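Chemist: Next up is a structure, given as structure tokens.
Where a number appears in this text, it was derived from the coordinates with a stated rule and is not lab data. Because the structure is predicted, anything quoted here is derived from the model rather than measured. Cβ coordinates were reconstructed from backbone atoms using ideal geometry, including for glycine residues, and neighbour counts include every protein chain displayed.
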Amino acid sequence: MKLTMCSYKNEEDYWRIREFLRQVMLLNNRRELSWHVARWDYWIWFANPDIEKITLEENVFIWETEAGQIAAVLNPEQRGHAFPQIHPDFHTPELDDEMIAVAEEHLTTTDKDGRQKLNFWIDSNEKSRQEILTHRGFHKVDSPESQEVQHRRLLDEPIPETPAITGYTIRSLGDGLELLERCYASGLGFHNDDIHIARDNRDHPNWYHHIQSAPLYRRDLDIVAVASDGSIASFCTAWFDDVSRTAYIEPMATVPAHQRHGLGKAVMTEGLHRLKRMGCKVAFVGGYSQAANTLYFSVIGPDHDISEPWEKVF
């Protein structure tokens, strides 16, 4: 079937891509062979406008059938990184080759040495894509922490009880000024106790308002571990999509001063219980570092896929 490529145009395309990703998730038997709809939301509502600032109209591409059905989407997440989202009924080597060519033309970045570079992300078992990428001059990035381990847990299986940890309360994010505590904890948790970033996060909380504006955000799935002094020690946010009945956990971190108490495991386990009560079938979380993946395997279990980057230097 002949497909036509066009650039992202407007907000209507945002909503069309959301529905496309939901359909593809179900067609792929609830595996992350394309992005979860929550990852798309998180990028559109927060990561891109607040961090990357990539122009959607120049960097997101859609392939459509003659009837206007979306067959594939190509998008970045950060500059120089390309992610293909493909409806399984339209997945062909020819389409893969065309999407890689479009990524080469539009989605490269310039490194510190002035070279053009591109990372094209694929599932580790996609042998045909590996052959195409190799033919086009790409090589797999071998660093383990460059890969994303895509953990998944089937929620029809028993979930351990949320552990009670002395000195901490596990609950939903509160109202009012607790939002500022959550912003502060994010700065500490993701930036190795950097007090300056933490204060800036707290003093300029609009970035978290953007997260809370995303369509799938729910306060009852924004889980925090609160210390006895009222500070937020650990957190994880789960995003439940009731169409595919799957969930995506992002972000998740523990403040360094409160690590090694089991708080990360506690907030994630609480999130899984809440998701299961809502009718969620599968929960996902992605990890890059050894520490993160050790935690996720302990909570989520052994099932996972691996998404790996293939790099080309021009």
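Chemist: Based on alpha-carbon centroids, what's the gap between the range 56-82 and the range 248-301 in Å, whole number please?
Modeler: 30 Å
Chemist: Could you tell me the largest-minus-smallest coordinate of the C-alpha atoms of the chain on each of the three principal axes, in descending order and whole angstroms?
Modeler: Principal extents (largest minus smallest coordinate, Cα): 60, 46, 37 Å.
Chemist: I've got another one for you. Relative to the first principal axis of the alpha-carbon coordinates of the chain, what is the inclination of helix 290-300, with its axis defined by its Cα atoms, in degrees from 0 to 90 and to the nearest 10?
Modeler: The two axes meet at around 80 degrees.
Chemist: Binning at 10 Å from 0, report for the range 180-252 what percent of all alpha-carbon pair distances ends up in each bin.
Modeler: Whole-percent P(r) values from 0 Å outward: 19, 49, 26, 6, 0.
Chemist: So, one more: Give me the Kirkwood hydrodynamic radius of the range 4-143, using the inverse of the mean 1/r over all pairs of distinct Cα atoms, in Å to one decimal.
Modeler: 15.6 Å
Chemist: Helix 11-27 versus the longest principal axis of the chain: what angle, 0 to 90°, nearest 10, using Cα atoms?
Modeler: Approximately 90 degrees, to the nearest 10.
Chemist: If you don't mind, there's one more thing I want to ask. Can you check what the net charge comes to around LEU3, using other residues whose Cβ is under 9 Å from the Cβ of LEU3 (Lys, Arg +1; Asp, Glu -1)? Before the final figure, lay out the partial values.
Modeler: Numbers: positive: LYS2; negative: GLU64, GLU66, GLU98.
Around LEU3, the surrounding residues sum to -2.
Chemist: Okay, next question. How long is the gain from THR55 to ARG260 if the chain were fully straight, where each residue apart is worth 0.36 nm and the alpha carbon distance is subtracted?
Modeler: 69.7 nm
Chemist: Moving on. Any idea how far apart HIS209 and LYS2 come out in nm if each label point goes 7 Å out from Cα toward Cβ?
Modeler: A separation of 4.9 nm, rounded to one decimal place.
Chemist: Also, quick follow-up: For GLU94 and PHE190 in the same chain, what is the full-extension length gain: residue separation times 0.36 nm, less their Cα-Cα distance, in nm?
Modeler: Result: 30.5 nm gained on full extension.
Chemist: Let me ask something else. Specify the inter-centroid distance of the range 188-237 and the range 1-48, based on alpha-carbon positions, in whole Å.
Modeler: For the range 188-237 versus the range 1-48, the Cα centre distance is 26 Å.
Chemist: Further question on the same structure: As a test, work out the antiparallel percent of DSSP beta bridges whose residues both lie in the range 1-150, rounded to the nearest 5.
Modeler: Approximately 90 percent, going by the DSSP bridge assignments.
Chemist: Provide the net charge surrounding GLY230, with neighbours chosen by a C-beta distance below 11 Å and charges set as Lys +1, Arg +1, Asp -1, Glu -1.
Modeler: -3
Chemist: Of all the stretches in the chain, which is the longest one without any exposed loop site, taking GluC sites (Glu not before Pro) in a DSSP loop (any state but H, G, I, E, B) with at most 16 other Cβ atoms within 10 Å?
Modeler: 162-314
Chemist: Using only DSSP helix segments of four residues or longer, with each worth -39500 (n - 2.57), what per-residue ellipticity at 222 nm results for the chain after dividing by its residue count and rounding to 500?
Modeler: -10000 deg cm²/dmol
Chemist: What does the charge count near GLN69 come to, summing +1 for each Lys or Arg and -1 for each Asp or Glu among other residues with Cβ under 15 Å from its Cβ? Can you show the working numbers first?
Modeler: On the way: positive: LYS2, ARG16, ARG18, ARG22; negative: GLU12, ASP13, GLU19, GLU64, GLU66, ASP89.
Summing Lys/Arg as +1 and Asp/Glu as -1 gives -2.
Chemist: Using 32 Å as the Cα-Cα cut-off, could you pick out the over-long pairs in LYS140/LYS276; LYS53/LYS276; LYS127/LYS281; LYS9/LYS117; LYS2/LYS281; LYS117/LYS281?
Modeler: Beyond 32 Å between Cα atoms: LYS140/LYS276; LYS53/LYS276; LYS2/LYS281; LYS117/LYS281.
Chemist: Could you give the nm distance between label points at ASP229 and LYS127, where each point is 7 Å from its Cα heading toward the beta carbon?
Modeler: Result for the modelled spin labels: 5.7 nm.
Chemist: For the residue pair ARG277 and ALA164, what label-to-label distance in nm results when each label sits 7 Å from Cα along the Cα-to-beta-carbon direction?
Modeler: About 1.7 nm separates the two model spin labels.
Chemist: If the viscosity is 0.890 mPa s and the temperature 25 °C, what Stokes-Einstein diffusion coefficient in µm²/s follows for the range 1-77 when Rh is the Kirkwood radius over Cα pairs?
Modeler: 189 µm²/s
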